[in-house]
Amino acid sequence: MTYMMVQVKNLRKYFGKKEVLRGINFSTPAGSVLGILGPNGAGKTTTINCLTTLIKPDQGSAAIAGYDVLKQPAAVRSLIGLTGQFAAVDEQLTTRENLVFFGRLLRLSKARTARRTTELLEQFDLKEAANIRVKELSGGMRRRLDLAVSIITEPLVLFLDEPTTGLDPRSRHQVWNMVRTLREQGMTILLTTQYLEEADELADWIIVIDRGQAIAQGTADELKNRVGETFCKLQLASPDDEQKVRESLAGLGEITGKSNLTLPAPQGVQTLSEVIRRVEGVGVTLTDISLCRPSLDDVFFALTGHTTDESEKSS
């Protein structure tokens, strides 16, 4: 039987008269990554703040490893780590000094703090930066240090709130690899993110929050299947061939677009092969052809009515 490390039931939170969380329910198996998606202002960070005891929910219940966040907050805090949207390390201290400082602040013994500092410098590829002040580190290295600090106590559950915001692609992928490693080590991770590719890459299970409610839950594949079927995309070498291609593909489904054409591919590779056969039969050259599935961005738009970019502009 799967053990649910995190359990949330009918969670509600008000800021004044505004209901920010409107009865959220979900659970997270131990050793998995839960991706929490939603536009800015949807309630993602408020949910995390309730689960990490930073704020108190007004109604409902939440538990971490069986400990109630309202009734047993001290026990909950001893079991969790949190990496917020902005690095929380001290810029005047070195990388090593930050790890030692937070280890002792969190009441680890000197011996355990020293051991964890050595382990984390190695694990997060920070050995060469051990004696460099944080203010001199790159954004990616700061983020890795922030992540290392958040797990110095070896928590059961790690909360990552927009962990790769502002990072370049290389640094983002480094953080992704670290998250995968932590999951392999048995850590349960709750990840809020605006990068849908990030959730697609890392999350075992996804919950979509909008206007304080959980409007969809499932694996990335399950959510994509709710939006639509696989489709085929063709890029024509010459726009003048559009009509000829449309005629050759008659009967395969509705074709949209112009020099970049899209049509349904309910039979996947079989449909793709048929498209190639027909296009070659009329002597048309393609610069590209691919078989695609709906993306999480398509899912996000279908569920919330806007893309993540639009949600950021409107928030």
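The values are calculated or read from the model by the stated rules, or taken from the named source; none is laboratory data. Values in this document were obtained by computation on a predicted structure and should not be read as measured data. In this analysis, Cβ positions are derived from the backbone assuming ideal geometry, glycine residues included, and neighbour counts consider all displayed protein chains. Calculation scope for accessible area: heavy atoms of the full protein, side chains included, ligands and nucleic acids excluded. Shrake-Rupley method; radii C 1.70, N 1.55, O 1.52, S 1.80 Å.
Remark on residue 5: its backbone amide H falls under 5 Å from those of 28, 30, a criterion applied only to residues 5 or more positions apart or on other chains, H modelled at 1.01 Å from N. Between the amide H of residue 219 and those of 206, distances stay under 5 Å, these residues lying 5 or more places away or on another chain, with hydrogens modeled in the peptide plane. Couplings for the stretch 3-17, taken from phi via the Karplus curve 6.51 cos²θ - 1.76 cosθ + 1.60 with θ = phi - 60°, read 8, 8, 6, 10, 9, 10, 10, 6, 6, 10, 8, 10, 10, x, 8 Hz in order; Gly and Pro are left as x. Here the accessible area of the chain is 48 percent carbon and sulfur, with a 1.4 angstrom probe and all protein chains present. For residue 91, the solvent-accessible surface computed with a 1.4 Å probe is close to 80 Å², ligands and nucleic acids excluded.
Here the gap between residue 243 and residue 70, fully extended at 0.36 nm per residue and compared with their Cα-Cα distance, gives a gain of 55.8 nm. Check cross-link reach from residue 18 to the aspartates and glutamates: straight Cα distance under 20 Å, and skip same-chain residues fewer than eight apart. The qualifying aspartates and glutamates are 58, 210. Find the centroid of the Cα atoms in the stretch 202-239 and in the stretch 134-194, then give the distance between the two in whole Å. Centre-to-centre distance over Cα atoms comes out at 25 Å. Most tightly packed first, judged by the mean number of other beta-carbon atoms within 10 Å of their residues, the peptides 223-229, 191-197, 16-22 read 191-197, 223-229, 16-22. With θ taken as phi - 60° and the Karplus curve 6.51 cos²θ - 1.76 cosθ + 1.60 applied, the whole-hertz 3J(HN,Hα) list for the stretch 57-68 is x, 8, 8, x, 9, 8, 9, 10, 6, x, 9, 6 Hz, x standing for glycine and proline. Per-residue 3J(HN,Hα) values for the stretch 242-259, derived from phi via the Karplus relation 6.51 cos²θ - 1.76 cosθ + 1.60 with θ = phi - 60°, read 4, 5, 4, 5, 4, 5, 5, 9, 4, x, 8, x, 5, 9, 10, x, 10, 6 Hz in sequence order (x marks Gly and Pro). Leaving out same-chain residues fewer than 8 places away, which aspartates and glutamates sit with a Cα under 20 Å from that of residue 127? Of all the aspartates and glutamates, those that pass the test against residue 127 - Cα under 20 Å, at least 8 places apart if same chain - are 90, 91, 97, 119, 136, 146, 154.
Each helix, a run of at least 4 DSSP H residues, gives -39500 (n - 2.57); summed and divided by the residues of the chain, these come to -11000 deg cm²/dmol at 222 nm.
Matching the structure-derived mean projected area of the Cα convex hull in nm² against the labelled list (1) 16.1; (2) 20.4; (3) 14.5 gives the label (2).
Backbone amide hydrogens, once placed in the peptide plane, bring residue 210 within less than 5 Å of 215, excluding anything fewer than 5 places away on its chain.
Divided by 2.2 N^0.38 Å, where N counts the residues, the Cα radius of gyration of the stretch 168-255 comes to 1.63. Identify the residues of the stretch 264-294 with backbone N under 14 Å of a label point that sits 7 angstrom from the Cα of residue 225 along the Cα-to-Cβ direction, or state none. It comes to 294, nothing else. For the set 301, 231, the ranking by accessible area, highest first and with no ligand, DNA or RNA atoms included, is 301, 231 under a 1.4 Å probe.
Solvent-accessible surface of the chain, averaged per residue with a 1.4 angstrom probe and all protein chains in place: 50 square angstrom. Pairs spanning more than 31 Å between alpha-carbon atoms, out of 56/110; 224/258; 17/71; 9/224; 110/135; 44/258: 56/110; 44/258. Anisotropy class assigned to the stretch 126-175 is oblate, per the alpha carbon gyration tensor with a/c at or over the 1.5 cut-off and a/b no larger than b/c.
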